[in-house]
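Have a look at the structure below, then the notes.
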Amino acid sequence: MAFVQQIGTMVRPAVTPALIQAIRQEYSLPWRGIHGVTHWARVLENGTRLARVTGAKIEVVTLFAVLHDARRWNEDTDPDHGRRGAALAKKLWGSLFHLPNGDFDLLHDACSYHTESLTHPDITVQTCFDADRLDLSRVGIDPDPKYLSTEAARDQAMIEWATQRSLRNFAPDFVTVEWDRL
Ligand SMILES: [Fe+2]
């Protein structure tokens, strides 16, 4: 678990190298493309930061980060990619990651509806949606508070932090040190 040590205080035990390797093997788009690994890593870190305030279930948020766009077939309009990501989550659940049934249902909802639902009744799913939407500047869209569910995500400092990282396609160290090599 070398990469867990490298990221210090971040907690994402559900996202193991074996899980990333399995996702990568079937990912059909450029690994570092606009919906690829650097986006997943920023969503993971956005979600981790939000979860400290919202109380979202961190394992669900981190798994959402690496699964929600994992079954995109193109970088443009792909309306079923969320449901394909949810199906991938179901396929890997119980072998490459473990969650209680109720938490898996949240992950499945978050992946399925992340582009078509404005919000969701559950704070963990809301946090997943916001973590993704805070990384929209990479495709020329400023995060709009009216499409963010949580007060933590609507915080101007949070929006600015995420936007600056999105604009420069920031890659956390664990991407280059670990995920790029899998
Ligand atoms: Fe995304």
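The values are calculated or read from the model by the stated rules, or taken from the named source; none is laboratory data. Keep in mind it's a predicted model, so treat the numbers as computed, not measured. Positions of Cβ are backbone-derived with ideal geometry, glycine not excepted, and every protein chain shown enters the neighbour counts.
Here residue 95 clears all of (1) within 14 Å of the ligand (Cβ to nearest atom); (2) more than 20 Å from residue 127 (Cβ to Cβ) except the condition numbered (1). Would you say residue 51 is within 15 Å of the ligand (Cβ to nearest atom) and within 16 Å of the chain's Cα centre (by Cα)? Criteria not met by residue 51. Only one of the numbered conditions (1) away from the ligand (no atom under 15 Å from the Cβ); (2) in contact with a helix residue (DSSP H, G or I) (Cβ under 7 Å, 6 or more places away or on another chain); (3) of a type outside the set (D, E, K, R); (4) assigned to a loop (DSSP other than H, G, I, E, B) is not met by residue 124, and that is (4).
Does the range 31-45 include one or more residues that are at pLDDT 95 or above, more than 12 Å from the ligand (Cβ to nearest atom) and closer than 24 Å to residue 123 by Cβ? The answer is yes, given that some residue of the range 31-45 is at pLDDT 95 or above, more than 12 Å from the ligand (Cβ to nearest atom) and closer than 24 Å to residue 123 by Cβ. Can you pull out every residue in the range 72-118 that is in contact with a strand residue (DSSP E or B) (Cβ under 7 Å, 6 or more places away or on another chain) and among the aliphatic types (A, V, I, L, M)? Listed by number, the list holds a single entry, 99. Note on the range 14-72: enclosed helices (runs of 4 or more DSSP H) holding 2 or more residues that are touching a Ser or Thr at 6+ places or on another chain (Cβ under 6 Å) and surrounded by 22 or more Cβ atoms within 10 Å (Cβ to Cβ) are 37-54, 58-67. Residue pairs whose Cβ atoms lie under 7 Å apart, sitting 6 or more positions apart in sequence or on different chains, and linking a residue in the range 96-122 that is surrounded by 21 or more Cβ atoms within 10 Å (Cβ to Cβ) to a partner that is modelled with pLDDT of 95 or more and among the acidic types (Asp, Glu), are 106/122; 114/132.
Of all residues in the range 53-67, those that are basic (Lys, Arg) and over 16 Å from residue 89 (Cβ atoms) total 0.
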